[in-house]
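Have a look at the structure below before the remarks.
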Amino acid sequence: MNNLTLNQISHNSHLPSQVKFKFFTPGVIILCLFALNGLVFLAGRFLFGIGSVTNLNNFYPWGLWIGVDVAAGVALAAGGFTSAALGHVMHKDEYHSIVRPALLTALLGYTFVACGVFVDIGRYYYIWHPLVMWNGNSALFEVGICVMIYLTVLYIEFLPLVTERFMGRVKMWGFLKIFNPILEFFLRLTDKTINKVMFIFIIAGVVLSTLHQSSLGTLMVIAGDKMHPLWQTPVLPLLFLVSAISVGFPMVIFESILASRSFKLAPEMHVLSKLGSMVGPILGIYLAFKLGDMFIRETFVYLKELTFPAIMFYSEMIIGVIVPLIMFLNKKVLQSSKLLFTASSLVIFGVLLNRINNFITAYKPPYAKVAYYPSIGELSVTIGFVAMLVLFYRACVMIFPVITQNHNHVEIAKTKSKVIL
Amino acid sequence: MNPEEVNSKSNSRRDFLKGIATVGAGVAGLSYSAAYAGAENILSEDRFGALVDTTLCVGCRHCEWACAKAHKMPVPEIESFNNRKVFQEFRRPSNSSLTVVNEFENPKNRLIPINVKQQCMHCDRPACVSACIVGAFSKTAKGPVVWDSDKCIGCRYCMVACPFQVPTFDYEKAIQPMIYKCDFCAERQKGGDIPACVDICPVEAITFGPRSELIREARNRIKRKPEVYLDYIYGEYEAGGTSWLYLASKIFTEIGFPKLSQKAAPGVSESIQHGIFAYFIPPASLYALLGGLMWMSKMKKEIDTEISKEIEEEERIEKIHRIDMEGKNE
Ligand code: SF4
Ligand code: SF4
Ligand code: SF4
Ligand code: SF4
Ligand code: SF4
Ligand code: SF4
């Protein structure tokens with residue numbers, strides 16, 4: 001009998017479940033403050049115009065919000081499609097435990113990308129215009145439409161988690177009670193149909209991702225000579241795609257280790273080190289493309305002097321690509337959660353810096369009298385968005401079955417047995 | 001395995017393939033309409049242009065006043081425009097002034113400065129038109145590049161794209177901020193009038209007419225007075241050619257013009273875009289490829305589990321046999 005219960009526990013804990021943990025901790029309260037601060041500046045933007053909170057002007061029409069909230073946001077949410085490709089398309093079962101966390105990150109990431117676009121465009125109430133007013137020549141149109149469709153796909157991919165959690169458990173209070181059976185019916189209907197068609201959306205998600213990840217690179221190509229030659233190249237779309245793929249797994253590793261730390265679970269090293277072993281080769285390919293492009297266009301001449309762009313280029317390449325590349329190729333790193341975390345953070349830093357460089361550092365418009373740097377308002381909004389994203393993530397893993405909790409860990413086993421008792 | 005199970009499995013396989021085919025067809029259908037949605041420029045042979053002769057311009061800035069008046073923008077009395085103090089600062093076209101006149105030192109004669117009127121160049125292959133996410137910009141066959149406020153979402157990608165850094169934006173407006181740039185007086189042109197700035201210029205520094213004739217005229221002027229003019233028409237080839245053309249006595253980069261190649265700004269990005277989306281064949285093939293991969297890996301997994309099930313079954317039977325034997329032995 002005893003044996004049986006133990007078996008059940010270990011079996012159940014292979015499946016994702018809600019994390020049971022208290023929501024508010026000191027860290028969470030600090031995040032809330034950052035989020036509030038961001039919202040205050042956002043209110044300013046909506047009441048008094050974009051100029052009232054940003055340093056943007058007629059020479060620098062795009063700044064931190066497009067460079068980080070949108071471009072870097074999309075790249076860092078790439079974990080969603082890379083792990084979907086690995087887990088679902090390749091049917092590698094051992095990676096199933098990372099698919100849901102990655103899906104949730106992508107979903108929240110893209111939601112905040114959409115929010116970033118919403119606050120950055122001057123006429124936010126026309127955000128739907130690209131749906132009906134098409135310009136197939138515009139890279140931005142392509143990015144916009146693709147991101148809209150992909151966001152929808154992500155929400156559809158998330159539906160099974162909702163049905164799994166709430167089917168048979170719809171309990172709303174008060175007069176809302178009358179809706180309970182209807183909601184229950186829809187949940188059951190979704191549950192019956194969704195799994196049959198899910199593969200359509202999963203493949204569509206991967207295709208849409210490769211499309212807009214590369215089109216994001218095409219965005220700055222049209223700026224031509226306004227962009228520093230260290231970054232301006234016709235192969236930008238390829239570089240953007242490969243770097244997005246390279247940051248996919250590091251992002252999953254980063255987030256998985258962070259989550260296990262904050263929920264006091266043991267990190268799933270057997271999965272994470274396998275994921276990590278795939279990062280090295282991808283980073284190698286990226287480095288080869290990047291260097292190849294540099295030698296073909298002979299842009300290394302700009303690296304001779306330590307100008308600001310050159311320093312930014314060196315930082316991006318050395319700290320963000322070469323160092324983590326060496327780390328990821330090392331067996332010791334793959335086995336240690338601390339080193340793996342460091343290496344992943346470096347890749348994330350590298351891609352973040354690369355997007356900032358492409359959209360801000362490299363952009364040198366004619367006639368500008370002073371260079372652009374982000375204002376307190378822009379920084380506040382960006383930090384606020386990141387804080388909100390983390391808070392939503394925390395809330396979601398407590399509501400939905402996202403995280404696979406490692407049964408080897410004592411504390412979890414204890415709470416579980418309490419639940420059973 | 002019972003027959004029912006087999007049936008449901010092959011059904012799901014058929015569903016799978018059907019699903020992929022439907023999506024493929026949908027994507028192909030989309031591509032057809034998308035292929036014709038792109039803003040293609042049909043340029044008229046006798047499209048209009050304007051030739052600015054900076055050696056004639058006296059910097060009276062009446063063109064600035066006339067332009068504001070013609071666009072119903074708030075504007076002070078014309079007399080105030082004679083104040084030459086504004087030239088101390090280099091200015092660019094802005095929300096309140098779609099065209100601006102700047103002043104530069106004249107190396108040949110310090111007493112007669114060089115004045116240059118600037119505004120949108122009305123490119124033949126405009127970056128703004130190619131870039132605009134909703135196609136709010138369009139190049140009209142007759143020359144003007146115009147902006148449609150009803151479409152614009154205020155993303156400012158046009159400003160990122162424009163090689164001359166011309167369009168400007170209402171950063172201080174929370175609702176319905178506008179994009180501003182010279183529209184070549186498209187409305188007046190439709191009514192048969194010449195642009196307001198051309199009309200008012202007291203010294204005829206701006207000539208309005210068919211672009212091809214303007215180029216001929218510019219060549220003639222250079223030939224007649226080679227000691228005055230640089231042998232160069234700015235705008236003839238810059239960024240793929242522009243409707244507005246300039247003559248000058250001083251190197252163009254020293255009088256406020258960017259040095260640009262002859263390549264049209266949208267050239268590279270459009271060919272990349274069209275490469276990736278050529279009739280949606282690449283995305284559709286990727287879709288099919290991934291679909292195939294997914295199907296194959298699913299099949300493989302099913303076979304694997306079946307095999308392992310069979311093995312388990314065999315082992316179970318063997319075990320039962322063994323227990324049986326042992327029982328008998330006892
Ligand atoms: S690639 Fe397909 S989904 Fe993306 S914008 Fe173009 S048509 Fe739409
Ligand atoms: S691929 Fe070519 S034809 Fe198709 S939409 Fe783009 S430009 Fe037009
Ligand atoms: S100068 Fe700029 S705004 Fe004017 S047509 Fe050319 S690209 Fe467009
Ligand atoms: S700001 Fe308006 S006109 Fe300019 S690209 Fe965006 S939508 Fe088009
Ligand atoms: S053409 Fe019309 S809009 Fe353009 S500068 Fe002259 S007056 Fe202004
Ligand atoms: S009105 Fe004519 S002369 Fe006066 S500033 Fe304008 S272009 Fe020059």
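Of all the Cα-Cα pairs you can form in the range B:36-280, what percent are over 29 Å apart?
Values: 8557 of 29890 pairs.
That fraction is 29 percent.
Please find the FRET efficiency linking residue B:259 to residue B:293, where r is the Cβ-Cβ separation and R0 is fixed at 60 Å, and quote it to the nearest 0.05. Intermediate values should be presented prior to the final figure.
Working: r = 49 Å, r/R0 = 0.82.
Result of the calculation: an efficiency of 0.75.
Can you give the FRET efficiency to the nearest 0.05 for residue A:285 and residue A:189, using r as the Cβ-Cβ distance and R₀ = 30 Å?
Values: r = 44 Å, r/R0 = 1.47.
FRET efficiency, residue A:285 to residue A:189: 0.10.
Using alpha carbons only, how many angstrom separate the centre of the range A:91-163 from the centre of the range A:271-302?
Distance between centres, Cα-based: 27 Å.
If the cut-off is a Cα-Cα distance under 26 Å, which lysines reach residue B:319, setting aside same-chain residues fewer than 8 apart in sequence?
B:309, B:328
Once you've got the Cα coordinates, tell me which of A:264/B:301; B:85/B:139; B:181/B:223; A:22/A:177; A:369/B:151; B:223/B:250 are over 26 Å apart.
Values: A:264/B:301 34 Å; B:85/B:139 36 Å; B:181/B:223 33 Å; A:22/A:177 28 Å; A:369/B:151 31 Å; B:223/B:250 16 Å.
Distance filter (> 26 Å) returns A:264/B:301; B:85/B:139; B:181/B:223; A:22/A:177; A:369/B:151.
Select from B:285, A:242, B:295 the residue farthest towards the positive end of the dipole of the protein assembly as shown; place +1 on Cβ of Lys and Arg, -1 on Cβ of Asp and Glu, and compute about the Cα centre.
A:242
Sorted from largest down, give the three principal axis spans of the alpha carbons of the protein assembly as shown, whole angstrom values.
In descending order, the Cα extents are 125, 63, 54 Å.
Taking amide H positions as placed 1.01 Å from N in the peptide plane, with prolines and chain starts having none, which residues 5 or more places from residue B:245, or on another chain, fall under 5 Å of its amide H?
Distant-sequence amide H within range of residue B:245: B:50, B:51, B:52.
For the range A:25-72 and the range A:181-201, what is the centre-to-centre distance using only Cα atoms, to the nearest Å?
38 Å
Out of residues 5 or more away from residue A:227 or on other chains, whose amide H comes under 5 Å of its own, with H placed 1.01 Å from N in the peptide plane?
A:364
With θ taken as phi - 60° and the coefficients 6.51, -1.76 and 1.60, list the Karplus ³J(HN,Hα) couplings across the range B:213-222 in order, rounded to whole Hz; mark glycine and proline as x.
Karplus values, whole Hz, x for Gly and Pro: 5, 4, 5, 4, 4, 4, 4, 4, 5, 4.
From the backbone phi of the range B:135-151, what are the Karplus-calculated ³J(HN,Hα) couplings (6.51 cos²θ - 1.76 cosθ + 1.60, θ = phi - 60°) in whole Hz, Gly and Pro given as x?
In residue order, the calculated couplings are x, 6, 8, 8, 9, 7, 4, 7, x, x, 9, 10, 10, 10, 4, 5, 8 Hz.
What are the residues whose amide H is under 5 Å from the amide H of residue B:173, where those residues sit 5 or more places off or on another chain and H is modelled from the backbone?
A:50, A:51
Please get the size of the charge dipole for the protein assembly as shown, origin at its Cα centre, with Cβ charges of +1 on Lys and Arg and -1 on Asp and Glu, quoted in debye to the nearest 20.
Working: 72 positive and 61 negative charges, 227 e Å.
I would put it at about 1080 debye.
Evaluate the charge dipole of the range A:65-374 about its Cα centre and quote only its size in Debye, nearest 20, assuming +1 on the Cβ of each Lys and Arg and -1 on the Cβ of each Asp and Glu. It would help to have the intermediate numbers written out before the result.
Values: 23 positive and 16 negative charges, 126 e Å.
It comes to approximately 600 debye.
So what are the ³J(HN,Hα) numbers for the range A:184-198, from phi and the Karplus equation (6.51, -1.76, 1.60; θ = phi - 60°), rounded to whole Hz, Gly and Pro as x?
4, 4, 5, 4, 5, 4, 4, 4, 5, 8, 4, 5, 5, 10, 4
For the range B:39-103 and the range B:190-267, write down the distance between their C-alpha centroids in whole Å.
The two parts, judged by their Cα centres, are 14 Å apart.
Could you tell me the calculated FRET efficiency between residue B:78 and residue A:298, based on Cβ-Cβ distance and R0 = 60 angstrom, to the nearest 0.05? Walk me through the intermediate numbers first.
Working: r = 53 Å, r/R0 = 0.89.
E between residue B:78 and residue A:298, to the nearest 0.05, is 0.65.
Highest first, please rank the peptides A:106-117, A:166-177 by the mean number of other Cβ atoms sitting within 10 Å of their residues. Walk me through the intermediate numbers first.
Working: A:106-117: 21.8, A:166-177: 10.4.
Listed from highest to lowest mean packing, they are A:106-117, A:166-177.
Quick note: the coordinates plus some simple rules give every number you see, no bench work behind them. As the structure is a prediction and not an experimental result, all values here were calculated from the model. As a convention, Cβ positions derive from the backbone with ideal geometry for all residues, glycine included, and neighbour counts pool all protein chains shown.
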